[in-house]
Structures are given as C-alpha cells and as structure tokens.
There are 2 protein chains.
Amino acid sequence: MAELTWTETAPGVWKAVIGFPDGLTPLSLIGAAPRTEALAQMVPARLPFGLDLVSVTEAGGGRLMLALPLEDEEKLYGTGLQFMRMNQRGRTRYLRVNSDPKQDTGETHAPVPFYVSDRGYGVLIDTARAVTMHLGSTMRLAETRKEDALDRNRDSGWRATLRSERAEIRIPEEGAGIYLFGGPALGDAVRRYNLFCGGGALPPKWGLGFWHRVPAMYSAEEAIAEAREYRKRDFPCDVIGLEPGWHSRSYPVTYEWDAERFPDPKRFVDEMTDDGFRVNLWEHPYVSPESPIYDSLKPLSGDYTVWGGLAPDYSLNAAREIYERQHSAQHIGIGVSGYKLDECDGSELTNNAWMFPAHASFPSGLDGERMRQLYGLMFQKMTTDLFRSGNRRTYGLARASNAAASSLPCVLYSDLYDHKQFIRALCNSSFSGLLWSPEVRRARSAEDWVRRMQTVCFSPLAMLNAWGDGTKPWSFPEAAPIIRHYIKLRMRLQPYLYTAFARYREEGIPPFRAMPFAISPDEFASAEKRRLSLPALNTTDGAYGKRSEPQWDDQYMIGDAMLVAPLVEGEVEREVLLPAGSWIGLESGERYEGGGVIRVRAGIDTIPVFVRDGAVIPMTAALPHALRPGEQAPLELVHFGTKEGEGWVYDDDGETLDYERGACGWWKAAVRKTAEGGYEGEFTGPGGLPASYSGVKWRFAELGLNDDGDE
Amino acid sequence: MAELTWTETAPGVWKAVIGFPDGLTPLSLIGAAPRTEALAQMVPARLPFGLDLVSVTEAGGGRLMLALPLEDEEKLYGTGLQFMRMNQRGRTRYLRVNSDPKQDTGETHAPVPFYVSDRGYGVLIDTARAVTMHLGSTMRLAETRKEDALDRNRDSGWRATLRSERAEIRIPEEGAGIYLFGGPALGDAVRRYNLFCGGGALPPKWGLGFWHRVPAMYSAEEAIAEAREYRKRDFPCDVIGLEPGWHSRSYPVTYEWDAERFPDPKRFVDEMTDDGFRVNLWEHPYVSPESPIYDSLKPLSGDYTVWGGLAPDYSLNAAREIYERQHSAQHIGIGVSGYKLDECDGSELTNNAWMFPAHASFPSGLDGERMRQLYGLMFQKMTTDLFRSGNRRTYGLARASNAAASSLPCVLYSDLYDHKQFIRALCNSSFSGLLWSPEVRRARSAEDWVRRMQTVCFSPLAMLNAWGDGTKPWSFPEAAPIIRHYIKLRMRLQPYLYTAFARYREEGIPPFRAMPFAISPDEFASAEKRRLSLPALNTTDGAYGKRSEPQWDDQYMIGDAMLVAPLVEGEVEREVLLPAGSWIGLESGERYEGGGVIRVRAGIDTIPVFVRDGAVIPMTAALPHALRPGEQAPLELVHFGTKEGEGWVYDDDGETLDYERGACGWWKAAVRKTAEGGYEGEFTGPGGLPASYSGVKWRFAELGLNDDGDE
C-alpha cells in the first residue's frame, strides 16, 4: 500500500498525486485558474471521512487501485453525461468517450472521472486516460459477511449487487492527480469542483434565445428564408445553425464555404446579423485532402485517418495556429458566432465504425486513447480562446467533453433521442460541470413534438435541429401556438436564466441542476420509500430482475426558485418530488405543499413548472431575439406566492468579456409585506437600473402568469 | 518493428511468439493434443500472403500491434459467439467475456480471439487477456489515398468505415502466442483450428435428443411428473434439466441437494433413468457460505466475492479436487449426466452489476481479467474431465467460453432472446469451435412458438428452457402437433446428426455451419449483388446510415447435405441462398435449382430444409428417447433427388469414450443408377451392420419425407 500525501491545493480542495503522471490532462489542457476567492467565501469544507481512510493499493495484475469508504445508504452521482441512471452507486463505470451511449457501461460523449456523494464530497481523477470506477460494485472477500449471502430462491431482499463498503478506482499505470472536494453538502462539493475548474460558463445573452439548425444542404438563400419565416410567423429566434453542407466538402471537412451554396459568406452573415440572427457553423475534426490547410496540418497529425481525413494534433501550438488562422479568416472574422463540433467522440458501435484507434500515435506523443478522451475538450478550448482573443463570447455545441469543462461555453448533444433519457442527461450534467441540450429533431406526433419543445425551452440551449428532416416549430400546425407560447416564455425568462448562469460563473452553482442539489438525503429517502414498489422478478426477460428505486431523475431545478417537471408523450399526469415549503405553479398559480411527492395533471398545453413561495422571478418582454448591447427592454419583477422573499438580477453587456473586468452588476429584488397586508418591493444595486432595462415593473403575490401578455 | 519467427507447429499451422507470455491461456488450459494425423491427411495448407507480410510494431502508447494484410473484398468471420453480424470486416472487436452482448462491441459470452478469412486462413491469439482486434476498421495516414476521402454530401459511395488494407490486433503487454491456420478454403482453416485444439466434441447420443428444463423451484415429484407428461403426450425427450431450486441455496450456490424438494436424490435420478431420462443440473461458480466445501475453498479463492459467494481459483489442483470430490459424490456418482454452467460470464450492464473485478487477485496469480476470460472454459474442462474419469461422455451447457473449446461437449446459451440473433449465433459459432443452442423459453404467440421450436430442433441442442415460465411443448395446443412433428423429425434424423458430430470430432468439420463453408467468395458476392438494395440514409435516427449488405446469416448447413433456412414470426416466405446444384425440399420433395437466391414460401407447419440432389440421409425411427447402449432401432437410408450419391453413418455405443480406443465404425451408403433406370444402394463398412441398428431399409429417389410415418 503506497502512501498518499494530501495538500489543500485550494480552499476545500485536497490533492494527492499517485505515480508519475505527465502530459496533458483535462485540468492542464483547460488551464483555468481556480476561483480561489470564491472558494474561500464558501462555508468551511468538510469531508465525511478522514483522509487516512483513502488508500491506494496494488491489486490483481499490478493494477493501482484507489479506494474510498462508502456508507450504507450513500448515493453517488456524476461521472459525466450519463443517460441511463442518476445514482451511480453499485455500478462499474468505464469512462471512455464514445458516441453511442446506448448501454449503461459508463461510456458516453462526455464521461467525467468525477463523482459526488450525497454525503457531501466529490472525487476527481485528473487523467487523459479512460478511467474505470467501481462505485460500490465490488465486494472483497475480507469484507463479505456470511449474512450478505442471501438465497435468491427464498429471500426477497436478494439483489445482484451487494452493498459494498468502498469505491475502487483504477488509476492509470503512469499515475494521476487525485482531487477531493469538500462539502458539507453535495452542492458545495460540486460548487468547489466548478470553481476549482475556473467557474461556470457565462453564455452571451443571444445564446439563451431559441436556436434553429437548417437542413444539411441548405444554401445561403434558403437559410435566410428560413430565418425570416421565424420573424414572419412571430416565433423568437436568435441563432441559425448551418449543417455539413456549408462546407465545400464534409466527411472529411474543408472548413471552407461551398462556393455554390454560399457564394458570398460575408454578405450572408451580415444579412443574418441585421435581422437579429447569429450564425453557428457545424464542423468536425477530420480535415479533407481538399482543404487548403491539409498539407500544412499533415505533419502535425496522427498516423491514422478518419473518413480519409487528417486527425490533427491540436495539443501542438503549430497545429492550433493553422486551425485558428483559417477559422478567424473564414468564419469568425466575418461574424460567425460559434461552432457545433460533431464527431469528436468516435464509435465502434454503430453500423459502421469510425475513429482513430487507441494505438494511434500523435506528434506530441499522445496516443489515440488519450487524444480521443481530450479531443472534444481541445476543440472547445480552442474555439473559446479564438473568440476570447477578440473580446467576444461564444456559445456553441460539442458532442464530446471531459473533466474541467465548467468554464467552457459549450453545450453537449447526442444522436440518441429518447425524451426521458434526454431529461435525465439534463439532470446528470449538473453534477459534472457540463451543459446539455435535449435538442428537438422530429416527433412521432404533435403530442411528442410539444412535450419535447416544452422540455428544450427549459434547458441550457433551446434548439430545433432540423438538419435531417427539415422540421419547423410550426410543423404540427395544431401545436404551433403552444410552441410559440413556450419559446416566448423562455424569452420572457431571460433575466432569470441569465442570472442563474451568472451564479454558475461566479459561485459555481449549476444553473440547471438535479434534485439532490435541492433536497437532503433524508428527504430523498423518505420520498423514495413512499414511491417504491418492487415489481416481481421477470425470470425470462431479465434474469436478474428489474427492481429499481425511483431516482427523481425526470425533474430538475433552474436556479434556486424554479422546479421543472416535464411530461413526455403519453403522459397527462406525473409524480413530482417537491422540496419542503410551498410552491406556486408558474403558469397556473396553483399552490402546492412541498416536502414530499405530489401528483400533477397537465394537458398538452402545459409543462409543470413550480416557483418557490416568496421568490421574485425577474422577467422581460417576449422579444423576437435577445437584447443586443445597447438595446433595452422592460424588466418585470414577479413575486410568487404570499411569503416575503427575494430574487436577483445580474446584468452586463451580454456579448463581450468586459464583465471579467468588472463591467457587470448584481441587483437585489426584495419583497416585504406592508402593514396594510399588501406587498412592497425594493430593487437595489450598483447605481440605477441595469443598463439592459428601460424600467422596472413589480407584480406582487403572483398566482401564476396565466398566459398574460406574451402573445 | 520486432521480428516474428514462424514455425510450423502442426501440419498447416504456423506459430510465432511475441514477447514473453506466461501463465494460463486457452490452449494451455484445455491442453488437448493436436490431431496431427488428421491434420496431415488434409489438402496441403496454403496462406494467401507471405508470412513476411505479418508484422508486429510498437504503436501509440507503447502498444504492441500485430498487423496482417487484407484484400479489398476480403471478409472476416468468427471472433466467437457474435449476435449482431457475421462479417466482422470493418469492425473493432473488443473480445471480453460479458453476459450482455446487446451491442455490437465484440463482447459476448464466448469471445474467441480467432477469426477466419474467406480468402482461406485463420488467425488465433492465444491469451487469457481480453484482446482488441481492429479487423479493417483503422486507416493509417500513410496508406490513405486522396481519393479515399469522399464527400458525404455528394458521393453515394460514402461510408463511415473506409476499406482498410490491414487487420491490427493489440497484443497483451506480456505478449502472446500467435497461430496462423492455412486454407486453401475458409473451411480448411476452421478444420485446422478445430483439429489443432483436439478435434470437435462428440456428444453422447442422448445429448442429441430433446431437452426440457423444469421451473426453478420444482421438487423431485414435480420434475418426474413433468417428465412423464412427455411420455404420456408422445413427445420425445431425453434430458430433464433442474434449475436453481435443486440446490439447498443458490445465488450463491451450495451444490447440495435441497432436502425438502429433493429428499432422496439417488432415487430421483434412478426413477428418471428408468424412464429413459438423463438429469442435468444447473449451477454457477460462486460458493455459498452454507456449502460444506466453503471453508476448504476459501483460502483457494479470489479476494472478491460474488453475491456473497466465493469465486474459487480452479487453476489450482487443490481447488479442483474439492469441487470434483463433492460433485462426484453428490451428483455424478448417483447418475447425473451433466451440468448447465450459468453466470460464469459476469455483467456490468444489466440493471445490476455482478462479477469479481478485473483487479481481483487469485491465489494462483491470475487476475480478475484473465480469470473472467477463462472461467467458463475452466468449468467446462473440469466437468468434462470428471465424466471422462468414469469413461462416460457428458453433454452440457455453459454461458461462457473462449478459444480452444472445440473438443468440449458444451453448448452455449444466452439470456438474449431475439430469434434472428439466435439463428445468427448458430451460424457464427461454427467459425470458432463453438456450439450454440437457440433455446426456447416463452413465445409471444403460437406462431412465434412454432418458429422457435422449428429452429431449435435443427440445432446442436434442442431445448425448451421453462425455468422461468413453465412452458411445455404443448403450451399452445393448436401448435402442439407441429411441435411433436419436429421433435420426432429430430429423433428420426439422429443417425445423420450423430454422424455430422463424428466428423467434427475426427475431421474438425463443424456439424452446423454457416454459408461461407458451403459456397465460394465469388458465389457469395454475386448472390449479394442480386439482393443488395441500399435504403436511403436516415439522417435523424441513425446519422451514419443503416446501409448493410445481406450476410446470409439466417440460414446454415447441417453436415454436407442439408441446408436449413428458418422463418421467424411474421414471415411466410423468405430468400434462401442455395449453393450450386439441385436441392430437394426435405419434407416437401420440391426441387430447387441452386447457384443463387431463391424465394420459398412456408406455412407455419413447415421449416424450409433442403437436401442436396443425390445425398443419402441416414434416419431412424421417432423413438421417445435416443438409443441407449445395447438398444437397437431400424436404420433407414433415404436417397434424395435423382443423382447418384452417397452418405455416411457413424456408430458407436453412444455413451462411453470407448470410441477413442477404436470401438466405433464408419459405414458408407452409396446409390447408383441401375441399367433399368432405377436405383440401387450399397451399404459397406466394418463387418455387418452398425450395432445400434436392427436392419437397413433403403428408400430411393425420395421426393421429400411428406410427413410419412413419424406420428
């Protein structure tokens, strides 16, 4: 057993090094400075166990295993963008980047070797290797008690995975940096992780509007016509995304505009901009022999190709410079707002296989395994830096990520399309410093369409991705008014959403977050017990049984005050776990008592959203697109329920990085009861109104928006 | 690049060693002597490339990679019990033992690091590690031509995986033995592999009868009653399998009879035997603390438990002796005929995870990774040896296997249940020295029931596994006569099936085999072209397209003369790829011209089976159970079609290993046309009739069995 030497590397963050790790890791690649000031302002950190209980041993086959103690009822969350479950306790997670996370192995677009416990701590393994974590899925002989061995024939308590008392993590041969993030609560550990990685990402304001991606082979004219249709039909939209066809060649890509479809890219982007749209460009990493940068990148690339294209080694400055020069000249310089990075995750599982192999070799010395783990991160960092160098923010999409990504303004997406899994991914991303878009593509029915659109409007990136099927928000005419309503509601909620992101940036609190952030393990457990019903073992279809505890992975918080409980096709009612206190239906105004499970009914025109009694939600008008610098709109401060309470408004120019140099402010909206039994509000902050708002209107004791004024 | 030194280790088998492999491997574990005499009698071996074109290099991350050349249209088959595809070309195969082969990763119950090419050679990596094979799924930059990079937007020939010119196999760090098996044909390479591994398995005659597994918690009385029901209802049956409930405790197991359900095991087995039934016992590897052998096995076990039970290290003589002593005394000594070894494959993928981890450590020095790869093989070997020591054959089931398994009389099965996948597994098992049972459990409908029963009756092990749902062959009354008919047809075909297995044993030719054994790559290609139709890319559901070539993985040969083309629920007709020559419908007598694709219709009462024109199929009566030593039945020699031709009959006592010492014989049944335009048959062999048969009856120019005489 080797010694672990722990140092408090930042307030509430302990570090130990095993072996002799070298080369790029997620932390060193992102290279963000820990937000030590914000860390220091948090409640004092606590770990539920002594550091002496964390051990590293050489196990079978010479494998280095890190072991951490687990309590009996402890739950573990995180490990990245997981689609199949929220509580990872009892699972072996193989955290490899993979574009087909269709089975519950741990492999996914964004596997993050970081987990948090509901006992209030987090564990990060900083390595570019694919890590295997046994999160209570292994049972040592030395710790097996006779009474653990039940008889499946007779004991109804039998389960395939015994409660193990420890998590075991396989450390890569060369070693790795280990980080422990203190609580006391789960949310504190996540905050410390996010702040240690540089704080959360703050998107530009337009990023929180509605996005639309046009069909792959659309021309400039067609894209412009599609954008104008949004304005004509009174659907807000901020971003038009172009898909593979904007390239002269794709699969592999040239990064050059197709001369036929986009004869004058600058004029195209200008026209879009004039109309209030940003242009986002799809791309992937593999460079076509027909790209002008192919020859110069070739000696800086891996020794395997993908679709006949180069896999450049962007850990090299020289390679980055070629990419950056080309992208600056061709895209960013003419006003493109960001990228959607596809295909950076690799697959062996679809009908066809594509990716450089793990044994590929890159000029920097990285192998294919590590490059694949880092590739998505590398592109996110590279494009973000490109915009940063022009004092511009970006907001984009990427299909792969890893640890240390909190500060990157990129949202994950997937070719998967199960609505429930998409909601679960939204929950799970909050544990790992990730953002996720449950993008809408097509729908089986108007009902499916509406339910998906409702969810995406309450997500980090509200996007209709019509690349493959050309759907529009009005594709189901009977549902179009509902869709318009929810896109407009998202626009009205921009001040609230933007403020939630600002807290992500400054305090590390995820803007969208799963229920374990909002309720204690005890509350969770008692709610579970109420809902828990064990179906009988199905001995033929699933020999090990399908018994599972409800995980409340189908509802989530936005900011502190709002809880979203989407419905999916076929549902007209559902259970909702409401934290303690009273809650008000955002639109219905209905009052619910929290501290347990309620049932709500919601017709197709409603997604159940709940606001804490007393909360003040800052809202604005249902603008056709987000506020641009210098533009103003009215600020509406909506007080829900009957309790005294408050809310916050963050504001800045919404577009540049000047906020990093202080060009921003926080305003507090507080509501008190008056002696007459009414309410009065106080709006205070750094001198006058936030620059983006033309005036403040209060609404008190709001019993729900009731469809007011957004159409 | 390291040097490879090749030696011809057996006729037509070349060996090279990379690194310093040590410890157990599949070949050393099985330890079967190569059948060098049979190998020497084969056509001279040929490889389609020079051995100098096989190389080993150190690639990215210090990985040792073996590379072999691939031709443009070459197809690769094998890699074990694969469910998702037959042609493995273009795939990366991760050959790890895994109980949930639901995705096409290469992981499966029986991953075998052996593949064969339709160009006529085979490649085996003899290691206990989980091997990764890139079977043409990687493309080196140095070999990428500009014209390989197509544009997916415009070129309809675009595909996600480019045709790579080489296979790359990752060799474990410590090295491995590499074996090349010569052709000239694919079938020759497979034969050499099987003969090198000791020849194929010859089951006892009763093994080829019908099997029934009773519900898990049945008592001795209930099991006997169930068996008698077979006799009463006139359904043949040879084996009754007991499931977990025969143990006093299972999950983990005791290996001890439950005193309540089986108060007198000896009497139970005797009663079964008297009635013509054999008893097969379900078990798994993990030993309960309540088993009397727990304490003595504990120091001989791995340092992790499964379900609270020990995972013994059966590479140790001392552990094997404990297992063997207990099994001899409690089961084999009282007449038990064999085992069904469950749960030896491990899972991280079901709703619950169970298995010792890769970093487990066993007293022999094996780690969990290698033990998991070898565990199924180890049990198969151990139980086979146990029966062998009493000069008895066994035939059993196992859920995990690996390379070098050809000589083991064990049939694989799975918790999966897709009928098409089950047929594909039957095809694929033939490339890797494996046997597979497409066992029947339940059915959605009478039609599903009949189609599954038809398939299983033409498989290595015809079993109804009612452990979970208590189904019987007569569960769908309207379908019962059809089921009875096909079980009886299987009984009538016993001489043909048994002879096909004898060729497996002596010549290494799989009794059940996929179409590439029977037709050349050219015939295959021209048939494919006829059937090939490319559906359009579905850009939303599967971004990489679902284009796939027909693989003819839904039909197979039994012996040389019989082709089976099952239908699944919902089908009333199908395409069949018929090799050149004329074929006669086994039952219908219809004549078909081969050398291409035909369409056949088959109502629910028929499974399309075709016999080569001129073939002589040895058959017998539809006995209620297989012939026991000393028993006799009539032998029927059925000549199909109009050509002159022949068939073979192998015979021995069907029960002991005396055939290994010469107590067996081969008889030839040849048909010639007479001058009068009729036919005459000659039955020749070692002195008189085969001992199992009371007389020989010829039937000439048979136009199909037409339901004669089997009811």
- prompt: Between rounded, prolate and oblate, where does the range B:351-449 land on the alpha carbon gyration tensor, with a ≥ b ≥ c its root eigenvalues, rounded for a/c under 1.5, else prolate if a/b exceeds b/c?
  reply: oblate
field: Entries in A:Lys488/A:Lys697; B:Lys381/B:Lys668; B:Lys643/B:Lys668; B:Lys420/B:Lys529 that, when Cα-Cα distance is taken, lie over 27 Å
entry: B:Lys381/B:Lys668
field: Helix-derived mean residue ellipticity, 222 nm - over chain A, DSSP H n ≥ 4, -39500 (n - 2.57), to 500
entry: -6000 deg cm²/dmol
query: What is the minimum Cβ-to-axis distance for chain B, in whole Å, where the axis maps B onto A, and to which residue does it belong?
result: B:Gln103, 3
task: Quick one: compute the contact order of the range B:78-163, relative version, from alpha carbon pairs under 8 angstrom and 6+ residues apart, as a percent.
output: 29 percent
- prompt: Counting Lys and Arg as +1 and Asp and Glu as -1, what is the net charge of the other residues whose Cβ lies under 11 Å from the Cβ of B:Ala38?
  reply: +2
message: Tell me which of B:Leu386, B:Phe610, B:Val116 sits at the most positive position along the dipole axis of chain B, charges placed on C-beta atoms (Lys, Arg +1; Asp, Glu -1).
response: B:Val116
task: Determine ³J(HN,Hα), in whole Hz, for all residues of the range A:672-683 in sequence, where each value follows from phi through the Karplus function 6.51 cos²θ - 1.76 cosθ + 1.60 and θ = phi - 60°; x replaces Gly and Pro.
output: 10, 6, 8, 4, 7, x, x, 10, 9, x, 10, 10
task: Quick one: Debye curve from the alpha-carbon atoms of the range A:616-702 only, equal weights, vacuum; give me log10 I(q)/I(0) at q = 0.16 Å⁻¹ to two decimals.
output: -0.65
- prompt: Got the relative contact order for chain A handy, in percent, Cα pairs under 8 Å and 6 or more residues apart?
  reply: 13 percent
- prompt: Summing Lys, Arg as +1 and Asp, Glu as -1, what charge do residues with Cβ under 12 Å from the Cβ of B:Arg661 carry, B:Arg661 excluded?
  reply: -4
statement: Here, the range A:209-495 modelled as identical Cα point scatterers in vacuum has Debye log10 I(q)/I(0) at q = 0.11, 0.17 Å⁻¹ of -0.64, -1.50
statement: Under the rule rounded for a/c under 1.5, else prolate if a/b exceeds b/c, else oblate, using alpha carbon gyration tensor axes a ≥ b ≥ c, the range A:45-132 is classed as oblate
- request: Sort all Cα-Cα distances of the range A:7-196 into consecutive 5 angstrom bins from zero, then give the percent of pairs in each bin up to the one containing the longest distance.
  value: 1, 8, 15, 19, 20, 17, 10, 5, 2, 1, 0, 0
query: Considering only the label points, 7 Å along Cα→Cβ from Cα, what distances in nm to one decimal separate A:Lys643 from the same position in each other copy, shortest first?
result: 8.7
message: With a 1.4 Å probe and all protein chains kept in place, how much accessible area does A:Asp52 have, in Å² rounded to the nearest 10?
response: 130 Å²
task: Quantify how strongly other chains surround peptide B:276-289 by giving the mean number of their Cβ atoms within 10 Å of each of its Cβ atoms.
output: 1
message: Under 5 Å between amide hydrogens, which residues at least 5 positions from B:Val411 or on another chain qualify, with H placed 1.01 Å from N in the peptide plane?
response: B:Gly396, B:Leu397, B:Ala398
statement: Averaged per residue, the 1.4 Å probe accessible area of the protein assembly as shown, protein heavy atoms only, in Å², is roughly 32 Å²
- line: The extension gain from A:Val597 to A:Lys529, computed as 0.36 nm times the residue separation minus the Cα-Cα distance, is 23.4 nm
message: Suppose you put the label 7 Å out from Cα in the Cβ direction; list, shortest first and in nm with one decimal, how far A:Arg601 is from each other copy's label.
response: 5.3
message: Can you work out the Karplus-derived ³J(HN,Hα) for every residue in the range A:585-595? Use 6.51 cos²θ - 1.76 cosθ + 1.60 with θ = phi - 60°, whole Hz, and x for glycine or proline.
response: x, 3, 9, 7, x, 5, 9, 10, 8, x, x
- prompt: Can you give the extra length, in nm with one decimal, that the chain gains between B:Glu73 and B:Lys643 once fully stretched, where that is 0.36 nm per residue apart less the Cα-Cα distance?
  reply: 201.7 nm
- prompt: Over chain A, how many percent of alpha carbon pairs lie in each 20 Å bin up to the one with the longest distance?
  reply: 18, 53, 28, 2
field: Karplus 3J(HN,Hα) series, Hz, for the range B:215-224 with 6.51 cos²θ - 1.76 cosθ + 1.60 (x for Gly, Pro)
entry: x, 3, 9, 4, 8, 4, 4, 5, 5, 5
- prompt: At B:Gln41, with labels set 7 Å past Cα in the Cβ direction, how many nm apart are the copies from this one, shortest first?
  reply: 8.7
- prompt: With a sphere of radius 13 Å drawn around the Cβ of A:Gly19, what net charge do the other residues whose Cβ falls strictly inside it have (Lys, Arg +1; Asp, Glu -1)?
  reply: -3
- prompt: Given H placed on each backbone N at 1.01 Å, which residues far from A:Glu636 in sequence or on other chains put an amide H within less than 5 Å of it?
  reply: A:Met619, A:Thr620, A:Lys697
- line: Stokes-Einstein, Kirkwood over Cα pairs, the protein assembly as shown, 25 °C, 0.890 mPa s; D in µm²/s equals 72 µm²/s
query: Based on the Cβ-Cβ distance from A:Leu53 to B:Glu174, what FRET efficiency comes out when R0 is 51 Å, to the nearest 0.05?
result: 0.90
field: Solvent-accessible ranking of B:Leu202, A:Leu162, largest area first, probe 1.4 Å
entry: A:Leu162, B:Leu202
Amide H within-cut-off set for A:Asp303, under 5 Å, with H built and near neighbours excluded: A:Ser361
message: Once each part is reduced to its C-alpha centroid, what is the distance from the range A:287-306 to the range B:21-50 in angstrom?
response: 44 Å
message: If I take R0 = 22 Å and measure r between the Cβ atoms of B:Ala259 and B:Lys298 in this structure, what FRET efficiency does the formula 1/(1 + (r/R0)^6) give, to the nearest 0.05?
response: 0.40
query: For the range A:376-435 and the range B:398-463, what is the separation of their C-alpha centers, rounded to whole Å?
result: 44 Å
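The values are calculated or read from the model by the stated rules, or taken from the named source; none is laboratory data. Predicted model only: the values in this text are computed from it and were never measured. As a convention, Cβ positions derive from the backbone with ideal geometry for all residues, glycine included, and neighbour counts pool all protein chains shown. These area figures cover heavy atoms from the full protein model, side chains too; ligands, DNA and RNA do not enter into them. Shrake-Rupley method; radii C 1.70, N 1.55, O 1.52, S 1.80 Å.
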